[in-house]
Every structure is written in C-alpha cells, then in structure tokens.
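Taking it in order: structure first as structure tokens, then the write-up.
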Amino acid sequence: MLFDGMERSKYKRVPRRIEFLQGFALSDAQWDSLCIPINLAFFVRSSIEGRTLALYPSPAGAVESSLTLEAWNAIVECNPRLRKMQSDVEALLANRVGKPNDAQPAEYYVAPIDECYKLVGLIRANWKGLSGGTELWTEVAHFFDSLRTRSDTERVERDA
C-alpha cells in the first residue's frame, strides 16, 4: 500500500488481482499485425520508454517483439479496459496456444507483471528440443488453469 497511487515513483506496488477478460476482442488479423512468432505474449506499458512493449516467452527468456502504435491502438480501441492498466506492473497476458486449430479458445488476462515473468521462467526452465516438449506444454496448461482459478472474471466493455 505504501506505493499505491505513486505513478512517477521509483518503486511501484505490483497488484495481486488477476482479471480474466471475458469477451475480449482480438481478431486473427490483429494478432498477426503484432508480429509475435508464438501464441503467448504479454503487453506492458513502460513508463520509462513511454510506450507499450510486446514480449513473448522463449527458452532464452522474455523476447521483445516490434509493436507498432497503430496495431496496439486498434486493440485498445476495441477493449477500453486496457486503458486502465497500471504502467510497469500490470500487463495484458494473451494465451492463444489452442486458438490456431480451435482446440481451445484464446484467453486474455490483465495480470500482475510477476505472473507474466513466472510464465517466462516456467518456459525457460522446462523447454526441451525444438518445440518445448509435451511436458512443457502440460506445465503451461497448468499455469493457465491456476491463473483462471485465481482470477476475477471481468466482462469487457466495448466501444461501439
């Protein structure tokens, strides 16, 4: 609580709340415009850089992807909840792993940044071979099961 409401402070409190964004709007074309090579990513507003960063987990750690302002603004326009994310400590976490073949619907969360880096660490620690291995993807599924269980469902408002 010491650091709440201090946007320009050197130290910021990482919130604990996880929000599952039911009804989040992100088309396949919008996802493709983000130029992210895998179907997992998180997006966080950096107060230092003054822009939103797109990062995805890899066996080498978090990798930044080029994110155009136009692509991000189009997503925010469809999902106004993103305007309320706290810089540096909250992120949009996107899980589209089952989406390409419609095995599972995509999931979107506003999550504390430490949860995003927990996912990065899980992937980094468990990656085997070229595709990560079945054990890794089982661990990723458990991670999202846990996230879903601990989350509040937030019905996403859409701009008309």
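Nothing in this text is a laboratory measurement; each read-out follows from the coordinates by a stated rule. Everything numeric here is computed off the predicted structure, so don't read it as measured data.
Values as computed for the structure displayed
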item: Cut-off under 5 Å, modelled amide H: who pairs with Gly133 long-range; result: Lys128
item: Rh (Kirkwood; distinct C-alpha pairs) - segment 19-151, Å; result: 15.1 Å
item: For segment 14-22, 3J(HN,Hα) per residue [Karplus equation, 6.51 cos²θ - 1.76 cosθ + 1.60, θ = phi - 60°, Hz, x = Gly/Pro]; result: 7, x, 9, 5, 10, 10, 7, 8, 6
